[in-house]
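Report on the structure given below.
The values are calculated or read from the model by the stated rules, or taken from the named source; none is laboratory data. Computed from a predicted model, the values in this text were never measured in an experiment. Here the Cβ is made from the backbone with ideal geometry for all residues, glycine too, and neighbour counts use every protein chain on show.
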Amino acid sequence: MFKKRVAPTGSPRKRPYDFFQQPAGPVALCPFALCPFALCADILPTQFAAPLKVSLPASLPAQWLATKSEHGAIMNYPQRFAGQKIVVTGGAGFVGSNVVRGLLAENARVVVLDDFYTGDDDNLPVGSPNLDVVRGSVTDFDVVRQVVEGAGLVFHLAARNIIVSTRNPREDYEVNIGGTLNVLLAARELNVPRVVYSSSTSVYGNPRYLPINEDDATNMLSPYAVSKFAGENYCKAFYESYGLSSAVVRYSNVYGTAQRPDNPYCGVVSKFFESAMNGESPRIHGDGEQTRDFTYIDDVVEATLLAGISPKADGQVYNVGTGREVTVNQLARAIIEITGAKVDPAYVDRRDIDNIRRRVVNIEKIRRELRWIPTFTVEQGLRRTYAWLVETVQKKAPRVGEGA
């Protein structure tokens, strides 16, 4: 039984399962006006570069866009990133590669450290003069120290995901915990101004209250959740003990462009799209009424970069989600409708991992402190993801024997 949380004043609690409902107050603008990284120019089909009708939640003040543009952190991006050496661990992965593209669009000098366990060369832009890629692991301190030296900022996204972590908890410990410690040790020694650590809403487990606040109780139900939370605690300890500036972003079910369905560790959105595009039924574990807070990648990139440069993010933890609860059944039906597939979902036994019944996060803190809100509804994000899959993935022949 979930206890109802009293919503903050001016931030009414949203009903679950209304992800197709547009918030009030349509505004005509390019969605990337809120996100200056112009990812669409690189990884989205041309037709998506045109301005779209997007909407802002009714609870935001009308002057929010002007305030953000004139006084917010977004105006500082070119000044703070341009010409700087920025390190992205795990930069060849799904989220990492999108962060890399965002940084390159701001003329940063980006160094990627990745062991390519789940990363992919195809995720990275080819021939960029401001991009260096180092093949190595965060478990090797000497390599980490060499890469981090001279960096103005480190985005630490390298990790084993929940599937790999559950299968091999020792590897999870070595990479997710030991690797994070190496990054923090190197950053402390070399006086890096800030480390941004990517965590996960998995640390909440099955919550007692919805939506979930950052200071709610944690309940780690998997080795992955344990290791991500350990990384958070190391960030906090280095902040309190050594004065190393850090910011933690807890991602909630990220999906979108560069999440390749031929990667065996991809998320449910890519798996459902792959099935529907092949004329097969999306496989739902359990009854499909479990809920998640699905967040589009471009919104995640913006939140992550804001955490890197905002003074208010110093030592803080932020939920990164949409604040909207979506059932897996709704997700599957939406993907079937978008692809036009003539199939119905297939129901199978529930999984042994990530058996969380309901999850939706409260994003009031990041909205208030970093002036960030998600730009894309789930429907918009799914349609953009489908367009990318059609444009990019379907044109490539499957790579036989491809690893993670």
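Taking segment 148-194 as the region of interest, the helices (runs of 4 or more DSSP H) fully inside it that hold 2 or more residues being without any contact (Cβ under 8 Å) to a residue 24 or more places away in the chain are 169-172.
On the given criteria, is SER97 over 25 Å from LEU306 (Cα atoms), at pLDDT 95 or above, crowded, with 17+ Cβ neighbours inside 10 Å and not β-branched (Val, Ile, Thr)? No.
Out of the strands (runs of 3 or more DSSP E) lying entirely within segment 217-320, which hold 3 or more residues that are β-branched (Val, Ile, Thr)? Even if it seems obvious, please write down each step before you answer.
Numbers: elements: 246-251, 283-285, 317-320.
Ranges flagged: none.
Scan segment 76-106 for residues that are free of Cβ contacts under 8 Å to residues at least 40 places away in the same chain and within 21 Å of ALA258 (Cα to Cα) and the total you get is 2.
ASP314: of a type in the set (D, E, K, R), within 23 Å of LYS228 (Cβ to Cβ), at pLDDT 95 or above and surrounded by fewer than 20 Cβ atoms within 10 Å (Cβ to Cβ), yes or no? Before the answer, list the steps.
Values: of a type in the set (D, E, K, R): yes; within 23 Å of LYS228 (Cβ to Cβ): yes; at pLDDT 95 or above: yes; surrounded by fewer than 20 Cβ atoms within 10 Å (Cβ to Cβ): yes.
For ASP314, the condition - of a type in the set (D, E, K, R), within 23 Å of LYS228 (Cβ to Cβ), at pLDDT 95 or above and surrounded by fewer than 20 Cβ atoms within 10 Å (Cβ to Cβ) - is met.
Only one of the numbered conditions (1) out of contact with any Asp or Glu (no Cβ under 6 Å at 6 or more places or on another chain); (2) surrounded by 19 or more Cβ atoms within 10 Å (Cβ to Cβ) is violated by PRO374, and that is (1).
Being under 19 Å from ASN182 (Cβ atoms) and either without any contact (Cβ under 8 Å) to a residue 60 or more places away in the chain or out of contact with any Cys (no Cβ under 7 Å at 6 or more places or on another chain) (or both) holds for only one residue in ASN213, ASN206, ASN233, ASN219, and it is ASN233. Among the conditions (1) charged (D, E, K, R); (2) surrounded by fewer than 21 Cβ atoms within 10 Å (Cβ to Cβ); (3) modelled with pLDDT of 95 or more, the only one that ARG350 does not satisfy is (3).
When each of VAL133, VAL143 is tested for being in contact (Cβ under 8 Å) with a residue 24 or more places away in the chain, more than 22 Å from the chain's Cα centre (by Cα) and surrounded by fewer than 21 Cβ atoms within 10 Å (Cβ to Cβ), the lone residue that passes is VAL143.
Looking at segment 239-252, can you tell me whether even one residue there is over 18 Å from ASN123 (Cβ atoms) and of a type in the set (Phe, Trp, Tyr)? Break it down stepwise before answering.
Filtering segment 239-252 down to residues over 18 Å from ASN123 (Cβ atoms) leaves 239-250, 252.
This time we only want the ones that are of a type in the set (Phe, Trp, Tyr), so: 239, 242.
Checked against the condition, which is being over 18 Å from ASN123 (Cβ atoms) and of a type in the set (Phe, Trp, Tyr), segment 239-252 yields at least one hit.
Looking only at residues of segment 197-216 that are more than 16 Å from ASN233 (Cβ to Cβ) and part of a strand (DSSP E or B), we find that the one that is modelled with the lowest pLDDT is TYR209.
Can you tell me which of THR327, THR295, THR339 is touching a residue at least 24 places away in the same chain (Cβ under 8 Å) and either closer than 28 Å to GLY91 by Cα or of a type in the set (D, E, K, R) (or both)? Please lay out each step first, then the result.
Values: THR327 fails: either closer than 28 Å to GLY91 by Cα or of a type in the set (D, E, K, R) (or both); THR339 fails: either closer than 28 Å to GLY91 by Cα or of a type in the set (D, E, K, R) (or both).
Just a single option satisfies the conditions, and that option is THR295.
Looking only at residues in segment 152-165 that are in contact with a helix residue (DSSP H, G or I) (Cβ under 8 Å, 6 or more places away or on another chain) and farther than 19 Å from VAL254 by Cβ, the one that is surrounded by the most Cβ atoms within 10 Å (Cβ to Cβ) is VAL154. When VAL360, VAL343, VAL328 are checked against the criterion of being more than 19 Å from the chain's Cα centre (by Cα) and β-branched (Val, Ile, Thr), a single residue qualifies: VAL343.
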